[in-house]
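Data first, discussion second: the structure below is written as structure tokens.
The values are calculated or read from the model by the stated rules, or taken from the named source; none is laboratory data. Source: prediction; values computed, not measured. Positions of Cβ are generated from backbone atoms using ideal geometry, with glycine treated the same way; all protein chains shown enter the neighbour counts.
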Amino acid sequence: MAKICLCLTAKTIKRNLEILEKNRKWADIAELRVDCLDPDERFHIRRFPEKAGIPVILTIRRDIDGGQYTSGEGARVSLFSKGLAFADVDRRRNFAYIDLEEDLNVPSLEDAARTFGTTIIRSYHNLNGIDENIPLKLRSLRRVGNELVKAAMMPNSLEDVIKIYQAARETADVEKVLLCMGHFGVNTRILAEKLGSSFSYTSALGEADSPPAAPGQLDVRELAELYRFRTITADTRVFAVAGYPLAATSSPAFFNTVFGLEDVNAVYVPIPADSIQSFIDIAREIGLEGVSITVPHKESILSYLSYKSPEVKSIGACNTILKDTHGWKGYNTDAMGFSDALLEFIDKKNLKGKRVTIIGAGGSAHAVASEIHRLGARALILNRTAIRARQLALTYDFAWGALDEKGTDMMMKYADIIIQTTSAGMEPNVDADPLEFYTFSGREIVMDLIYKPEKTKFLKRALHAGCKILNGYDMLIRQARYQYVYFMGREFPVHLISRVRI
């Protein structure tokens, strides 16, 4: 069973022990990053395992491998020796592991480690990409049979991550730690057990003086509690959210919280997908059962579906896919999630007589336009690329225009309700405002499908003018509840909704 390793990167021994104590219940192993310690503190590392009370990895990472150690190799070897010196017959008082890079050749150090039961982690770090032949690299790292090999690589695309999963399958017989760094690789840290990795490295992200030891590390508590890392097995059902850049998504918090409350053997992971084809490929590698599809793939996923629900066919966009024996089945829960949220907000059963402006013409706008038409309103669609606004508008005989001063002038006739469906204003581009040319009168009802931040610049302007505003949070929850029905094949347990906080 894969274990959770908490990387300790504070500048003093005392502070690292304090951080460990605060996070002890979630960590199985600690890694003391000696390279992060103040120089004077490095002389006191020998007693750390006894004080820690859990197995500890001794690591002194060089800057060329992503660490902070910049002195010579002789001094580094001397530090390693200090950490192993005066070994105790009680192995719990010794370092359980020592991390040695593949190019470090000090037989006396290795012999000392083996003599006193310290396992050697033979590590390799590629900070610039993915190696061509990862299985060969893993097998070549090990020098003797009881070494644990570790390869951490920095993918530049989702296609690179696929190679890690393929390599894991081809090296199932090798005791290893195999992971991808960065935002593309977060799912490899969550699914370490399915990769055959012995550890998943984490950080205490709430501690300002103990920064992440590597890009992409999750918070130790988040991995243990939200993702229920210790319960993930070969039989765990895997679901995901796929989009790009996927900088802000609360879907993992929603689904994993519900799975935990129900004690379901399932996990829901984020997959930044810069290519829809790469996503389809990695879904096969991981064995995904169901996926929430988000920006920008709600339309591009259509060509990969073996079945399209009537809603997907009429809307022309899909936000939910489900695997079956014939391929991927596509559904759309955005539409009902949107209309349920909006109608409750305005306390109406339909939109007859209303005139609505829809900002955007992407997958979410397709779902919104479909519901606006179904509910009896007339609409204007404005988009940065006018031709896309026209294509969507013609489906429902709506008006259309570009996102410019001329387009916003047209809004005078369609300003009962304004709905913003683009990613403008979403983290990290929080200063973006897709309607900067428009001056709110204060009579409009304004909805932004973004929910992080809670109030976009667009919504803040509307609120300041006196408008009633609604963000996308309620829509998110409602559409996720519909997705749950497809994923799990049963009704959503409504009694749990009050316990879900995202």
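Here are the numbers for the structure shown:
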read-out: Criterion violated by E444 - all others in (1) of a type outside the set (K, R); (2) surrounded by fewer than 18 Cβ atoms within 10 Å (Cβ to Cβ); (3) at pLDDT 95 or above satisfied; value: (2)
read-out: Subset of the range 323-351 [in contact with a strand residue (DSSP E or B) (Cβ under 6 Å, 6 or more places away or on another chain) and of a type in the set (S, T, N, Q)]; value: T333
read-out: Number of the condition not met by N156 [criteria: (1) in a helix (DSSP H, G or I); (2) free of Cβ contacts under 8 Å to residues at least 60 places away in the same chain; (3) in contact with a Gly (Cβ under 9 Å, 6 or more places away or on another chain)]; value: (1)
read-out: Any hit, the range 385-395, residues being at pLDDT below 95 and charged (D, E, K, R); value: no
read-out: Neighbours by Cβ (under 9 Å, 6+ apart or cross-chain): first from the range 97-121, at positive phi and among the small types (G, A, S); second part of a helix (DSSP H, G or I) and at pLDDT below 95; value: G117/R91
read-out: Residue match in the range 288-297 (condition: closer than 26 Å to G196 by Cα and surrounded by fewer than 18 Cβ atoms within 10 Å (Cβ to Cβ)); value: yes
read-out: Residue within the range 457-474 that is in contact with a Ser or Thr (Cβ under 9 Å, 6 or more places away or on another chain), assigned to a strand (DSSP E or B) and within 20 Å of N350 (Cα to Cα) present; value: no
read-out: Of residues in the range 415-441 being surrounded by fewer than 22 Cβ atoms within 10 Å (Cβ to Cβ) and among the aromatic types (F, W, Y), the one farthest from N471 (Cα to Cα); value: F437
read-out: Test: residue in the range 36-51 that is surrounded by fewer than 15 Cβ atoms within 10 Å (Cβ to Cβ) and hydrophobic (A, V, I, L, M, F, W, C); value: yes
read-out: Selection status of E262, within 24 Å of E289 (Cβ to Cβ), surrounded by fewer than 19 Cβ atoms within 10 Å (Cβ to Cβ) and either acidic (D, E) or in the same structural domain as L8 (by TED's automatic domain parsing) (or both); value: yes
read-out: Condition met for D274 (without any contact (Cβ under 8 Å) to a residue 24 or more places away in the chain and farther than 17 Å from I321 by Cβ); value: no
read-out: Strands (runs of 3 or more DSSP E) contained entirely in the range 2-72, each with at least 3 residues that are of a type outside the set (G, A, S) and under 22 Å from L104 (Cα atoms); value: 29-33, 56-59
read-out: Qualifying residue in the range 205-225 (condition: touching a Ser or Thr at 6+ places or on another chain (Cβ under 7 Å), in a loop (DSSP other than H, G, I, E, B) and within 25 Å of S275 (Cα to Cα)); value: yes
